[in-house]
Amino acid sequence: MQLKSIPFDRLPFSRLFQAYTSDPSTLEPFYEDHPFNPGCARARAEYLGGREDEGISRGRLGELLEAFNARFDPPQEVRDNIARLGEGEALAVVTGQQLTLYGGPLYTVYKTLTAIHYARRMEERLGRLVVPVFWLADEDHDYDEVRHLTLLDGHEPRRVELPPQPRSRQPVAHRILPPELEETREEARKMLFDTDFSRDLWEGLDRHWSAGSRFDEAFGGWLLSLFGHRGLVLFGSSCEGVKEAGRELMARSVEQADEAREALEVQSARLEEQFHRQVTLYDSNLFRLDGQGGRVKIGREGDRWEAGPGDSWSTEELAQEVRERPESFSPNVFLRPLLQDRLLPTLAYVAGPGEVAYFGQMKGLYRCFGMRMPLILPRLSATLIEPAIDRILGELPFELSEYARRIEDLESDYVDRTEQADIEDLFSSWKKEAEKISRQPTEAVANIDPTLKGAAGKATATFYNELDKLKGKVYRAVKQQEETQLRRIRRIKGELFPGDGAQERTLAAIWYMNKYGTGLWDRLLERLEEEEDDPFNHHKLIYL
């Protein structure tokens, strides 16, 4: 396994993410700390040691983590790290993601690997325990976003998915995997052709993903089967104890709604002057969980807060209900990071490009609640390059980054870049030279015997006819060579930028696990540990 790096500005990432990974010091107005400065990590650790916010005790944190992880049957390494967080002064490197079918795209694995990697590095640098934590986005309710995965059919991406379900605001975590999972599984298995690793992969998947299981238990169990031996701890907000611990934060988000909205608006507008705002702002940063398990956005009409028929409160009434029944409320994308950081000693958060962008809107919001934003570390961003792709990359005139373009543009550009010699001109010149050379011998034959002049001309015409046949063969050979190369372009494009999207955001991680084994990620992690270029401030090319 070899690693190479290319700058993010050579790939289709946002200008904000390119700036953040190349020179984050220029973005000081939007983030508390420089992500790659070791001094900032030490300062954050000192801040966590002396903070006086409304976080919970270490003992209570340990209890919540034990309760949350118990249903996933965690290995001893996870239990040990829970004890470290609950009993000592251990810090956390946190990441999180939606609960996606069969673990979802590659970036879920990359986020997890980054959290594990940085926890180890930070532990070495700070001389204190640092634990990787994965926060399950277990209250997100967009089922259509997570019920599918993308595999390759030939060299074209094809989606395999669970059937749609009646529209509901029920959190995905609580949904039961339907009987149709078996059909989806078989479709995926046919596309994941048999290898030496297929049996182990499917035994692991089937152990967690089965009809009748809850979505969060399947996803969490699968994640721990891959990374539990690395001490990865799971956490999430879909837990009564977590809501109890976060009740004051959620109540204050109602009482300070105007202040919070102003903080977000000022920062978002400032960000938008140079880049873009990632997340739309709303009056409330809370959802209401209705009696049927649905998740309903709380909005404001005049001086009243509303969440559907029958749910209407004044600010004081809503804040009071949040304090009395915190389990009936859920934080949104802005409030969730604050809840994480109230409960966990978050040294750093590992973020994808989109998350980096919305954290850029949040500096003022953190301060509004008397908190400091943690270090925001960009996750590993990578493209996996298989040996067969590596072999043909060098035979084409494109840089790897150019394959992010549309296939039509690549094909057209290839024809322009590799224009063959003008075949018509070549054969036309050949005929002229042949005509010039044959003119004198033809006349000489006619002088010897005028009756042979026709035969001499016929010989010349036969030669011209053979030249025409040869020209046709040359045209066909060029066309065949061109089509071979065009097929290679389509193959490279399909595997590195499937469907015009980044490989890491499109292809399911299990596609590569089926071909290279579930131990692929351990091998990658070990290879990353050898790298002196520690920050993930470049896109990695991983040659398998």
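Which distance in Å, rounded to a whole number, links the C-alpha centroids of region 9-24 and region 257-317?
Value for the Cα centre distance between the two parts: 30 Å.
How would region 151-242 be classified by its alpha-carbon gyration tensor: rounded, prolate or oblate, with rounded meaning a/c under 1.5 and the a/b versus b/c comparison settling the rest?
On the way: a/c = 2.19, a/b = 1.28, b/c = 1.71.
Here region 151-242 falls in the oblate category.
Would you mind getting me the FRET efficiency between residue 404 and residue 47? Use the beta-carbon distance for r and R0 = 41 Å, nearest 0.05. Don't skip to the end; give the middle numbers.
On the way: r = 40 Å, r/R0 = 0.97.
E between residue 404 and residue 47, to the nearest 0.05, is 0.55.
Only helices at least 27 Å long along their axis, Cα-based, and averaging -0.5 or more on Kyte-Doolittle count here, so list those DSSP H runs from the chain.
106-126
Can you grab the distance from the C-alpha centre of region 93-131 to the C-alpha centre of region 336-409, Å, no decimals?
12 Å
What is the local net charge at residue 404, summed over the other residues whose Cβ is closer than 14 Å to its Cβ (Lys, Arg +1; Asp, Glu -1)? Intermediate values should be presented prior to the final figure.
Values: positive: 10, 405, 406, 493, 505; negative: 9, 399, 402, 408, 409, 413, 495, 500, 504.
Neighbourhood net charge equals -4.
About its Cα centre, how strong a charge dipole does the chain have in debye, to the nearest 20, once Lys and Arg get +1 and Asp and Glu get -1 at the Cβ?
1240 debye
If you take the charge dipole of region 1-71 about its Cα centre, with +1 on Lys and Arg Cβ and -1 on Asp and Glu Cβ, which of 65, 31, 14 is farthest toward its positive end?
Working it through, the farthest residue towards the positive pole turns out to be 14.
Quick check on packing: order 146-158, 327-339, 344-356 by the mean number of other C-beta atoms within 10 Å, highest mean leading.
344-356, 327-339, 146-158
Can you bin region 11-102 into rounded, prolate or oblate? Criterion: square roots of the alpha carbon gyration tensor eigenvalues sorted a ≥ b ≥ c, rounded for a/c under 1.5, prolate for a/b above b/c, oblate for the rest.
The shape class here is oblate.
So what's the back-of-envelope 222 nm ellipticity for the chain, counting only DSSP H runs of four-plus at -39500 (n - 2.57) apiece and dividing by all residues, rounded to 500? Could the numbers behind the result be given before it?
On the way: 23 runs with 279 residues, N = 544.
Calculated at 222 nm, the ellipticity per residue is -16000 deg cm²/dmol.
Give the shape of region 211-251 as rounded, prolate or oblate, defined through the alpha-carbon gyration tensor: a ≥ b ≥ c are the square roots of its eigenvalues, a/c under 1.5 means rounded, and otherwise the shape is prolate if a/b is larger than b/c and oblate if not.
On the way: a/c = 4.62, a/b = 1.70, b/c = 2.71.
In terms of gyration-tensor shape, oblate.
Please work out how much length the chain gains when fully extended from residue 468 to residue 167, using 0.36 nm per residue of separation minus the C-alpha to C-alpha distance, in nm with one decimal.
Additional length available on full extension: 101.7 nm.
State the answer as a single residue: which of 222, 117, 204 lies farthest towards the positive end of the charge dipole of region 109-243, with beta carbon charges of +1 for Lys and Arg and -1 for Asp and Glu, about the Cα centre.
117
Tell me the net charge near residue 330. Cut-off is 13 Å between Cβ atoms, residue 330 excluded, with +1 for each Lys or Arg and -1 for each Asp or Glu.
Surrounding charge for residue 330 is +2.
Along the positive direction of the dipole of region 371-419 (beta-carbon charges: Lys, Arg +1; Asp, Glu -1; about the Cα centre), which of 396, 381, 414 reaches farthest?
Value: 381.
Given region 42-199, what percent of its DSSP beta bridges are antiparallel, to the nearest 5?
Among the beta bridges of region 42-199, antiparallel pairing accounts for roughly 45 percent.
If you project the alpha carbons of region 1-154 onto the principal axes, what extent comes out on each, in Å, largest first?
That gives 50, 40, 35 Å along the principal axes, largest extent first.
How far is it, in nm, from the label point at residue 258 to the one at residue 145 when both lie 7 Å from their Cα along the line to the Cβ?
3.1 nm
Considering only protein heavy atoms, what per residue accessible area in square angstrom results for region 54-168 with a 1.4 angstrom probe?
39 Å²
What is the gain in length, in nm to one decimal, between residue 439 and residue 128 on full extension, counting 0.36 nm per residue of separation less the C-alpha to C-alpha distance? All intermediate terms of the calculation are to be shown ahead of the outcome.
Working: separation 311, 0.36 × 311 = 111.96 nm, distance 9.37 nm.
In short, 102.6 nm is gained.
Only four residue types carry charge here, +1 at the Cβ of Lys and Arg and -1 at the Cβ of Asp and Glu. Report the dipole size of region 50-185 about the Cα centre in Debye, rounded to the nearest 20.
Details: 18 positive and 24 negative charges, 54 e Å.
Result for region 50-185 is approximately 260 debye, rounded to the nearest 20.
Ignoring any ligand, DNA or RNA, what whole percent of the accessible area of the chain comes from carbon and sulfur when the probe is 1.4 angstrom?
Details: 11140 of 24140 Å².
With neighbouring chains kept in place, the figure for the chain is 46 percent.
My understanding is that a pair violates if its Cα-Cα distance is over 30 Å; which of 469/493; 436/469; 190/493; 190/297; 297/493 do that in this structure? Each step should come with its number before you reach the end.
Numbers: 469/493 36 Å; 436/469 21 Å; 190/493 23 Å; 190/297 41 Å; 297/493 40 Å.
Violating the 30 Å Cα-Cα cut-off are 469/493; 190/297; 297/493.
If you put +1 on each Lys and Arg Cβ and -1 on each Asp and Glu Cβ, how big is the dipole of region 136-286 around its Cα centre, in Debye rounded to 20?
With Lys and Arg at +1 and Asp and Glu at -1, about 200 debye.
Using a 1.4 angstrom probe, figure out how much accessible area region 258-340 has per residue, in square angstrom, rounded to the nearest whole.
Each residue of region 258-340 exposes 48 Å² on average to a 1.4 Å probe.
Using R₀ = 41 Å, calculate the FRET efficiency as 1/(1 + (r/R₀)^6) where r is the Cβ-Cβ separation of residue 430 and residue 6; round to 0.05.
Plugging the Cβ-Cβ distance into 1/(1 + (r/R0)^6) gives 0.35.
The values are calculated or read from the model by the stated rules, or taken from the named source; none is laboratory data. Model, not experiment: these values are computed from the prediction. Neighbour counts are summed over all protein chains in view; Cβ atoms, including those assigned to glycine, are modelled from backbone coordinates with ideal geometry. The area values use the complete protein model at the heavy-atom level, side chains included, leaving out ligands, DNA and RNA. Shrake-Rupley method; radii C 1.70, N 1.55, O 1.52, S 1.80 Å.
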